[in-house]
Amino acid sequence: MASIAEKYGTPCYVYSRAIIESNFKAYSAAFGKRRHRICYAVKANGNLAILDVLARLGSAFDIVSGGELDRVGAAGGNQQTVTFAGVGKTRAELEKALKADIACFNIESIEELQLLAQVAEALGRKAPVALRVNPDVDADTHPYIATGLNENKFGIPMADAMDVYRQIAALPSLRVAGVACHIGSQLTALTPIIDAAKRVMKLVKSLHREHIEVDHVDVGGGLGIVYDDESPPAIQAYVEALCQIIDPCYRIVIEPGRSLVGAAGALLSRVQYLKQTPQKTFVICDAAMTELIRPALYQAYHDVLPVTASIEEHVVDVVGPVCESGDFLARDRKLGVSGGDLIALMDCGAYGFVMASNYNARPRPAEVLIDRDKFHLARERETSPQLYATEYRLT
């Protein structure tokens, strides 16, 4: 870490290729000979180097925008393995995905279904679709990342699914490919996942009785990782549970993101100052909510480890330089660091850089991939001129 900081500066995201590969292989091995497709959720971390690593392992991809489809192609991924999810697909995005001949569109509303049928007909294509049903299952996770309840914006209510599938089967420009659901992220128990999968299988059997056949059952992603004291299911247990519920005649599609890359990433930062107030001791570092917004947005916990330490441990808040009281990275942690020391915020490989911003005119950090005994610069640090290169003064 100290060598990376010296070479590439801070703040800096650092990823481990070995951990990503190990996690993907664990999923693949757990399925064995069972027909399946592992679609990495690009939204978790879309860096081209990470997509490249996963593409080389044979990963398919789950996207939620046309930009993510472009990234898959730029990274050498097979766009024909892509599943396109998301509630707000535009006409231009649908056209792009149809021309790329993606594997499946996960449909989330009647209006989207109608638009896709129109676009596919105009292009002379037959679009493969799965209806994303909302099983109304409580994922017991943070409300901002829960997606499987009727109060959420995602999916079509299970009670309406049969009627919608009948519409799909009747449209000549659409082809029924599967059934999909996704109940949320950072899931730490199997029970809600199993409950949702069972409800989806009931729908699949109802479709079969009406001679509407599907090839795959997409159970989404969301398997959690350990940030603090969580005890998420092991990948093996998760896959085995799905294989027991979903009939062998159907391909199982999963969309892991966090569980593949979350533990593979750390945010490296240098302490600038130690500030003592009557109530708190603040460790002010050069990383901020602009680099890692999860603590401010979700009150998320990330372990903070000293790369270099210079003083005795005491309780501190780790904060950044952004002009917001919500700009904190960790609260009430024991650290023995002072100005000039390096710290690492752990388990930042998912929803870290991808949610970074340029607030306060802060350039986004570099990203570095550790590849065995080598450092690979996966993204150069932005510069201030790049931030306003597309802006124009008055003439």
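The values are calculated or read from the model by the stated rules, or taken from the named source; none is laboratory data. Bear in mind the structure is a predicted one, so any value in this text is a computation, not a measurement. Virtual Cβ from ideal backbone geometry, glycine too; neighbours counted across all protein chains shown.
Quick notes
- Of all residues in the range 300-329, those being of a type in the set (S, T, N, Q) and free of Cβ contacts under 8 Å to residues at least 40 places away in the same chain number 2.
- Residue in the range 216-232 that is assigned to a helix (DSSP H, G or I) and either among the acidic types (D, E) or touching an Asp or Glu at 6+ places or on another chain (Cβ under 7 Å) (or both) present: no
- Qualifying residues in the range 318-332 (those that are out of contact with any helix residue (DSSP H, G or I) (no Cβ under 7 Å at 6 or more places or on another chain) and surrounded by fewer than 18 Cβ atoms within 10 Å (Cβ to Cβ)) - the one nearest to P363 (Cα to Cα): P321
- Residue in the range 85-108 that is closer than 16 Å to A180 by Cα, polar (S, T, N, Q) and over 18 Å from the mean Cα position of the chain (by Cα) present: no
- Within the range 102-117, residues that are assigned by TED's automatic domain parsing to the domain that holds P135 and among the aromatic types (F, W, Y) reach partners that are surrounded by 24 or more Cβ atoms within 10 Å (Cβ to Cβ) and in a strand (DSSP E or B) with beta carbons closer than 7 Å, at six or more positions or on different chains, in the pairs F105/F84; F105/A127; F105/V129.
- Residue check for V226: among the hydrophobic types (A, V, I, L, M, F, W, C), at pLDDT 95 or above and farther than 23 Å from L260 by Cα: no
- Close contacts from the range 53-72, counting a first residue that is over 15 Å from Y27 (Cα atoms) and a second that is surrounded by fewer than 24 Cβ atoms within 10 Å (Cβ to Cβ) and at pLDDT below 95, with Cβ to Cβ under 7 Å and a gap of 6+ residues or different chains, come to V64/G86; S65/G86.
Matching residues to (1) part of a strand (DSSP E or B); (2) under 24 Å from Y40 (Cβ atoms); (3) among the hydrophobic types (A, V, I, L, M, F, W, C):
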| residue | (1), (2), (3) |
| --- | --- |
| V283 | yes, no, yes |
| Y301 | no, no, no |
| S310 | no, no, no |
| V316 | yes, no, yes |
| E324 | no, no, no |
| L329 | yes, no, yes |
| D332 | yes, no, no |
| L377 | yes, yes, yes |
| R393 | no, no, no |
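- Selected residue (only one of R372, R294, R333, R379 is of a type in the set (K, R), in contact with a strand residue (DSSP E or B) (Cβ under 8 Å, 6 or more places away or on another chain) and touching a residue at least 40 places away in the same chain (Cβ under 8 Å)): R379
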